[in-house]
């Protein structure tokens, strides 16, 4: 058995699997023993229903395992792959199995298993929430400036200070917790990445994390959680934030 690599246009990696599975050319189909498209399973939690999808993790590369031992790809297989519009590059020289195995393990795939069972590292969870801290602060500052009675103003200023130091916005709390964890050099926090986007004048923040962080936070509560809770990203994010703060003393 030999392995060859194909570079696909981004987002088309799984389409190659589908095309090969449906191929009419029996000669080419018999050559191919297995298609390996390294991927992770990503669960996204937003205010809508949670969604799950398979995401390529190999920057467009797909490995093809052929039945025969050969140092170069056959002409028939090469020309078949070349005819597919989204195939950008074919590496005609054989790639040693140990290199394929190492590459796939590094991006989370066991080449000895079938695609639906091949994910050997944690899948990814993405939690998307609204960033409301800036708006809350702005409203609080306006409120303070509108108060004329000294006693009431002092009370409002104290509330503003509290909001600045200990935000009520769970998104801001999570952002600060991650920042402190990374500042302490804790590797666990380095696995969490953050992306932002603005939708209809509302900033939304997405927290990308390994499934283990999500599972560790929710494990003690699994018996009491309801399916509707997974449509409440702020609630889920708050549970994760509390778990991180308690386990790593990051407050």
How far is helix 97-106 tilted, in degrees, relative to the longest principal axis of the Cα atoms in the chain, given as a value from 0 to 90 rounded to the nearest 10? 10
Expressed as a whole-number percentage, the relative contact order of the chain with C-alpha contacts under 8 angstrom and at least six residues apart is 21
For labels at residue 234 and residue 75 in the simple 7 Å Cα→Cβ model, what's the distance in nm? 6.7
Residue 86-residue 137 pseudo-label distance in nm [points 7 Å out on the Cα-to-Cβ vector]: 4.3
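If each DSSP helix of 4+ residues adds -39,500 (n - 2.57) and the sum is divided by the residues in the chain, what number results at 222 nm, nearest 500 deg cm²/dmol?
Numbers: 10 runs with 105 residues, N = 251.
The helix-only estimate for the chain comes to -12500 deg cm²/dmol at 222 nm.
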Tell me the angle of helix 150-165 to the major Cα principal axis of the chain, expressed in degrees between 0 and 90 and rounded to the nearest ten. 20
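Restricting things to alpha carbons, find the Rg to Rh ratio for the chain using the Kirkwood radius for Rh. If you can, show how the numbers build up before the last one.
Values: Rg = 24.9 Å, Rh = 21.7 Å.
Here the Rg-to-Rh quotient is 1.15.
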Quick one: helix 233-248 against the long Cα principal axis of the chain, what's the angle to the nearest 10°, folded into 0 to 90? 90
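Where a number appears in this text, it was derived from the coordinates with a stated rule and is not lab data. As the structure is a computational prediction, the values presented were derived from the model and not from experiment. Methodologically, a virtual Cβ is constructed for each residue, glycine included, from the backbone with ideal geometry; neighbour enumeration extends over all protein chains shown.
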